[in-house]
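*Asks:* This is the structure, below, for whatever I ask next.
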């Protein structure tokens, strides 16, 4: 029940839709609330997309948006673009008997592909925080383009095909909390965060309005100041919100206030837009047993381990991340055992910096090995030597038997590039032979 609440809250007040189906607020209210939900088409500008490897399953991209427009302007200084504060993919199995909610740290250092900006121009592919994708597409206030760029970025970096999109912004979240007369939180230490507009003393207390919003947004003044800690607080807060909504929204008046705030702040793709499709989604999640609803964060470690000057970002841990994405793409359940395995691997990640790479030029064009080597160094890899190789049709990775994991780490950072064990591979090193597709693999 508590896990369901976390998902339902971020799917734009779907938890309220479930209650609406149970108790109802009248036909007139249903029509009004249904009309509040805005629809967009973020899939029209996607181009080359991952194949659907599990027909019948659903991958829904959920965004907690902190657009700086209108009433949200006060939440960001000198920010004019939209921002994605929370990013999650909800995978619902084809048999509807299990689901996985996959959270992406907003500080994930990933490939940002070329996207269409609000003014129609194209951005340049580069590496940056994953949440920048939403602001690139939404630089002129277009949620459709913001969603489109975010979908393109998630698909590019995960290989997952996104089927639906939904977002909710700051004001909708605050209105939902206020309709419930606040939510109780129990911080162990006092929190004073100017950026989040938050001053809280230690101990249990009920928060609403700006304090509620500040609590889920605060980051730098709590714990280690990471986005990973904020994800945990958000999940706990949403758990409490979901439970209180189910306990408190028993009257049409309270339910209507909750839904009005939620639906006015919800934007979904056209297939998911409206109370009926959201209600169907809610019913599906509601029927999944709690022990088969798995929450997991993309395996990661601090990028500082690879690039000592970067104290602000995280990189995804390979090969664990690639395996996780593959499982979801093929509709394979992670479950408790899978989560435990990821937790064990997180204790000793194989960093990019620990991987020694020999770079060979197989393109026939001089200088390509040196260029590739510099790009690998930017990603944190240790390049040992460069040289030439016979002409190659595509970029390849070969490795000695002892370096299978290290080769998988390199392969994980070069999308679409496979690693092959070779008896003739140089001992102690992974060999990258650069082909004509290397620029696409590295994403720049």
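*Asks:* Only one of 378, 394 is loosely packed, with under 15 Cβ neighbours inside 10 Å and outside the structural domain of residue 60 (by TED's automatic domain parsing). Can you tell me which? Spell out how you get there, then give the answer.
*Replies:* Working: 394 fails: loosely packed, with under 15 Cβ neighbours inside 10 Å.
One residue alone meets the criteria, 378.
*Asks:* Okay, moving on. Exactly one condition in (1) out of contact with any helix residue (DSSP H, G or I) (no Cβ under 8 Å at 6 or more places or on another chain); (2) assigned to a helix (DSSP H, G or I) is false for residue 176; which is it?
*Replies:* Against the list (1) out of contact with any helix residue (DSSP H, G or I) (no Cβ under 8 Å at 6 or more places or on another chain); (2) assigned to a helix (DSSP H, G or I), residue 176 comes up short only on (1).
*Asks:* Right, next: Is at least one residue of segment 356-374 surrounded by fewer than 20 Cβ atoms within 10 Å (Cβ to Cβ), more than 30 Å from residue 92 (Cβ to Cβ) and in the same structural domain as residue 52 (by TED's automatic domain parsing)?
*Replies:* Among the residues of segment 356-374, not one is surrounded by fewer than 20 Cβ atoms within 10 Å (Cβ to Cβ), more than 30 Å from residue 92 (Cβ to Cβ) and in the same structural domain as residue 52 (by TED's automatic domain parsing), which makes the answer no.
*Asks:* Count, please, the residues in segment 96-155 that happen to be modelled with pLDDT under 90, out of contact with any strand residue (DSSP E or B) (no Cβ under 6 Å at 6 or more places or on another chain) and assigned to a helix (DSSP H, G or I).
*Replies:* The number of residues fulfilling the criteria is 1.
*Asks:* May I ask you to verify whether residue 253 is in a loop (DSSP other than H, G, I, E, B) and farther than 30 Å from residue 145 by Cβ?
*Replies:* No.
*Asks:* On to the next question. Please go through segment 221-238 and pick out each residue that is part of a helix (DSSP H, G or I), in contact with a helix residue (DSSP H, G or I) (Cβ under 6 Å, 6 or more places away or on another chain) and modelled with pLDDT under 70.
*Replies:* Hit for segment 221-238 is 235, nothing else.
*Asks:* While we're looking at this one, here's another question. Might you check whether a residue that is modelled with pLDDT under 95 and surrounded by fewer than 17 Cβ atoms within 10 Å (Cβ to Cβ) occurs anywhere in segment 156-173?
*Replies:* no
*Asks:* Specify the residue that is nearest to residue 113 (Cα to Cα); the eligible residues are those in segment 411-429 that are touching a residue at least 60 places away in the same chain (Cβ under 8 Å) and either surrounded by fewer than 16 Cβ atoms within 10 Å (Cβ to Cβ) or under 25 Å from the mean Cα position of the chain (by Cα) (or both).
*Replies:* Of all residues in segment 411-429, those touching a residue at least 60 places away in the same chain (Cβ under 8 Å) come to 411-413, 415, 426, 428-429.
Filter again for either surrounded by fewer than 16 Cβ atoms within 10 Å (Cβ to Cβ) or under 25 Å from the mean Cα position of the chain (by Cα) (or both), leaving 411-413, 415, 428.
Values: 411: 18, 412: 17, 413: 14, 415: 12, 428: 33 Å.
Top of the filtered list is 415.
The values are calculated or read from the model by the stated rules, or taken from the named source; none is laboratory data. Just so it is clear, the structure is predicted and the values come from calculations on it, not from any experiment. Ideal geometry is used to build each Cβ from the backbone, glycine not excepted, and the neighbour counts take in all protein chains shown.
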